[in-house]
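Novice: So that we are looking at the same thing, I have put the structure below in structure tokens.
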Amino acid sequence: MTHSEVIVIGGGIAGTSAAYHLAEHGRSVTLLERGEIASEASGVNAGGIGALGWGHLPDLESHLTMGSLQIFRNLQLDLGYDIEFRASGGLQAVQPGAQYDYAKDRVLSLKSRGYSVELLDINAARSIEPELSPELAGALYFPLRGQADPQKATRAFAAAAESRGAEILTGWEVTGITGTADGDYLITCPDEEYRANTLVLAAGAWCRPLGEMLGIGIPIVPVRGQMWATQPMPPRVFQGMSAVESYAHWSGNPGGDANTPPELTHINGRRVTRHLYGRQTRDGEIIFGGDRQMLGYDRMVDAGGVEVNFSHTAEILPFLGQQSISRTWSGLMPFPLDGRPIIGRIPQLGNLYIVSGLASSGFGRGPMAGKLIADYVHTGHQPQPLAESDPARCVTSLS
Ligand SMILES: Cc1cc2nc3c(=O)[nH]c(=O)nc-3n(C[C@H](O)[C@H](O)[C@H](O)COP(=O)(O)OP(=O)(O)OC[C@H]3O[C@@H](n4cnc5c(N)ncnc54)[C@H](O)[C@@H]3O)c2cc1C
């Protein structure tokens, strides 16, 4: 039996950042990961870091994005981990017609709330991203967006946590959790038992089965994302890239019900919109993806969906029409049923915390989510931004 003050379950970006920040606070912390660090969503994502600024009234989203941006920057520039972080900026392609009207409204609304965004005409957009199609109406420009390598960044958090005394254990799958009479948790792995006073669930799309071990219902479902890459090539794409099409669709039709999260690309197996994001990596691959499909834990790549995403990308960056796909992959994203992150203390049991529900933008939001949960565990007080992500709103008792 091994004892630790705090146990974090899950070695993705949320769990490794939580472990790092807990260790920074001087807490004795053990992280249990069933695979390798970054073996799930945190290691296979596109590496896009979204940020719009703090805005006039900073909310949870601005804390998660701007806080994470700062933490990524510190990890690379102050702590010296090469995570391929770059404050690249981001462009969101706007096609003519209804998309342009939506983009104009969106930029006005964001700017009035103090966020950093511009609507560029196509010549201005092509001045900073020369391969953009001249057929586009323009692009939204997000100067604060960044990018980093997801594997390197997540592993850097684990390494930084270890260097501050955290124990990072990989190949340890949690198969059972029970409470003890004196309020501790007994965590069972196949070859070992751990005892801890405080438990942090950071298991991404697997939070629901972990919750069931504790008799609580955590409304997070796995949503498959998939991506494709070209062979490495010389630099041709400089910003983080996305497209306004899906956002225009979701603004009027978010979808979602008691069993389905909002803002998916497919509902009941039928495509409702095309979503797109990607970038060129430091080694020269061009990587893109976008589909968000709820299929349980099935993660088989759907070639038809990849083809749709590839042709959408080639509408925006026509030179890709002459390229071919060299590899594809997929991952499972933790989507909360009400569309809002679940970060905070779970009220049904003592000293039980969760940092999850980061959905399709958890790489860019995970570092600050991990810091905020570490601050909560350390001080016992809810950091103010986490009022919006309080698990009390949605976590239920199963008995
Ligand atoms: C294809 C794709 C592209 C994406 N692109 C972006 C992007 O560009 N920008 C962005 O911000 N976000 C992106 N995302 C979303 C982002 O990757 C996720 O939101 C984020 O990685 C979630 O992190 P996490 O730590 O919560 O979960 P995960 O990374 O899934 O980590 C959870 C960990 O818990 C472990 N675990 C589960 N059960 C157990 C158990 N019983 N015992 C021990 N360990 C357990 C798992 O093995 C896993 O390693 C993308 C996701 C995908 C799939």
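The values are calculated or read from the model by the stated rules, or taken from the named source; none is laboratory data. Not measured: the values here are computed from a predicted model. Note that each Cβ is placed from the backbone with ideal geometry, even for glycine, and that neighbours are counted across all protein chains shown.
Novice: When you check G255 against the structure, is it crowded, with 24+ Cβ neighbours inside 10 Å, among the small types (G, A, S), modelled with pLDDT of 95 or more and under 21 Å from the mean Cα position of the chain (by Cα), yes or no? Let's see the steps before the verdict.
Specialist: Numbers: crowded, with 24+ Cβ neighbours inside 10 Å: no; among the small types (G, A, S): yes; modelled with pLDDT of 95 or more: yes; under 21 Å from the mean Cα position of the chain (by Cα): yes.
For G255, the condition - crowded, with 24+ Cβ neighbours inside 10 Å, among the small types (G, A, S), modelled with pLDDT of 95 or more and under 21 Å from the mean Cα position of the chain (by Cα) - is not met.
Novice: May I pose another question? So how many residues does the range 258-283 have that are hydrophobic (A, V, I, L, M, F, W, C), farther than 26 Å from Y100 by Cβ and buried (at least 18 other Cβ atoms within 10 Å of the Cβ)?
Specialist: Count: 0.
Novice: Next question. From the list S28, S39, pick out the single residue that is within 16 Å of the ligand (Cβ to nearest atom), assigned by TED's automatic domain parsing to the domain that holds A156, of a type in the set (G, A, S) and surrounded by fewer than 19 Cβ atoms within 10 Å (Cβ to Cβ). Outline the logic, then answer.
Specialist: Working: S28 fails: within 16 Å of the ligand (Cβ to nearest atom).
So the residue among S28, S39 that is within 16 Å of the ligand (Cβ to nearest atom), assigned by TED's automatic domain parsing to the domain that holds A156, of a type in the set (G, A, S) and surrounded by fewer than 19 Cβ atoms within 10 Å (Cβ to Cβ) is S39.
Novice: Identify all residues within the range 10-25 that are near the ligand (Cβ under 6 Å from one of its atoms) and either surrounded by fewer than 24 Cβ atoms within 10 Å (Cβ to Cβ) or part of a loop (DSSP other than H, G, I, E, B) (or both); write none if there are none.
Specialist: Within the range 10-25, G10, G11, G12 qualify.
Novice: Which numbered condition trips up D101, out of (1) of a type outside the set (S, T, N, Q); (2) surrounded by fewer than 23 Cβ atoms within 10 Å (Cβ to Cβ); (3) assigned to a loop (DSSP other than H, G, I, E, B)?
Specialist: Result: D101 fails condition (3) only.
Novice: Now for a different question. If you check I325, I343, which single one turns out to be over 25 Å from D291 (Cβ atoms) and either of a type in the set (A, V, I, L, M, F, W, C) or in contact with a His (Cβ under 9 Å, 6 or more places away or on another chain) (or both)?
Specialist: From the options I325, I343, the qualifying one is I343.
The rows are residues; the columns are (1) surrounded by 22 or more Cβ atoms within 10 Å (Cβ to Cβ); (2) within 20 Å of S88 (Cα to Cα); (3) within 16 Å of the ligand (Cβ to nearest atom).
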{"site": "Q231", "(1), (2), (3)": "no, no, no"}
{"site": "R236", "(1), (2), (3)": "no, yes, no"}
{"site": "Q239", "(1), (2), (3)": "yes, yes, yes"}
{"site": "Y247", "(1), (2), (3)": "no, no, yes"}
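Novice: Same structure again: Looking only at the range 42-54, which residues are hydrophobic (A, V, I, L, M, F, W, C) and away from the ligand (no atom under 15 Å from the Cβ)?
Specialist: Hit for the range 42-54 is W54, nothing else.
For (1) within 16 Å of the ligand (Cβ to nearest atom); (2) not assigned by TED's automatic domain parsing to the domain that holds G380, each residue gets a yes or a no:
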| site | (1), (2) |
| --- | --- |
| L120 | no, yes |
| S127 | no, yes |
| S133 | no, yes |
| A158 | yes, no |
| A166 | yes, no |
| T198 | no, no |
| G204 | yes, no |
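Novice: Right, something else. Can we say G344 is of a type outside the set (F, W, Y) and either assigned by TED's automatic domain parsing to the domain that holds L75 or touching a Cys at 6+ places or on another chain (Cβ under 6 Å) (or both)?
Specialist: yes
Novice: Right, here's the next one. Give the range 85-98 a look and list any residue that's in a strand (DSSP E or B) and farther than 14 Å from A51 by Cα, or say none.
Specialist: First, pick out the residues of the range 85-98 that are in a strand (DSSP E or B): 86, 90-94.
Across the range 85-98, the qualifying residues are A93, V94.
Novice: Conditions: (1) more than 30 Å from T178 (Cα to Cα); (2) in contact with a Lys or Arg (Cβ under 8 Å, 6 or more places away or on another chain). G331 meets all but one. Number of the miss?
Specialist: (1)
Matching residues to (1) within 13 Å of L144 (Cα to Cα); (2) over 23 Å from the mean Cα position of the chain (by Cα):
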site: A51; (1), (2): yes, no
site: T65; (1), (2): yes, no
site: Q70; (1), (2): yes, no
site: I83; (1), (2): no, no
site: Y102; (1), (2): no, yes
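Novice: I would also like to ask the following. Is it the case that G47 is touching a Lys or Arg at 6+ places or on another chain (Cβ under 8 Å) and buried (at least 23 other Cβ atoms within 10 Å of the Cβ)? Don't jump to the end; show me each part of the working.
Specialist: Working: touching a Lys or Arg at 6+ places or on another chain (Cβ under 8 Å): yes; buried (at least 23 other Cβ atoms within 10 Å of the Cβ): yes.
Against the criterion (touching a Lys or Arg at 6+ places or on another chain (Cβ under 8 Å) and buried (at least 23 other Cβ atoms within 10 Å of the Cβ)), G47 qualifies.
Novice: Which residues, counting only those in the range 141-166, are buried (at least 18 other Cβ atoms within 10 Å of the Cβ) and among the charged types (D, E, K, R)?
Specialist: Selection gives R145, D149, K152, R155.
Novice: Considering the range 355-373 alone, what residues qualify as being touching a Lys or Arg at 6+ places or on another chain (Cβ under 8 Å) and either at pLDDT below 95 or among the hydrophobic types (A, V, I, L, M, F, W, C) (or both)?
Specialist: L358
Novice: Continuing with this model, one more query. Taking the range 170-195 as the region of interest, how many residues are within 16 Å of the ligand (Cβ to nearest atom), over 17 Å from G35 (Cα atoms) and of a type in the set (V, I, T)?
Specialist: 2
Novice: Filter the range 326-356 for residues that are among the aliphatic types (A, V, I, L, M) and touching a helix residue (DSSP H, G or I) at 6+ places or on another chain (Cβ under 7 Å) and give the result.
Specialist: L332, M333, I342, I343, I346, I354, V355, listed by residue number.
Novice: What about T170, is it outside the structural domain of L349 (by TED's automatic domain parsing) and touching a residue at least 40 places away in the same chain (Cβ under 8 Å)? Even if it seems obvious, please write down each step before you answer.
Specialist: Details: outside the structural domain of L349 (by TED's automatic domain parsing): no; touching a residue at least 40 places away in the same chain (Cβ under 8 Å): yes.
No; evaluated as a whole, the condition is false for this residue.
Novice: So if I check each of I122, I71, I83, which one is among the hydrophobic types (A, V, I, L, M, F, W, C) and more than 30 Å from G11 (Cα to Cα)?
Specialist: Numbers: I71 fails: more than 30 Å from G11 (Cα to Cα); I83 fails: more than 30 Å from G11 (Cα to Cα).
Selected residue: I122, the only one of I122, I71, I83 that is among the hydrophobic types (A, V, I, L, M, F, W, C) and more than 30 Å from G11 (Cα to Cα).
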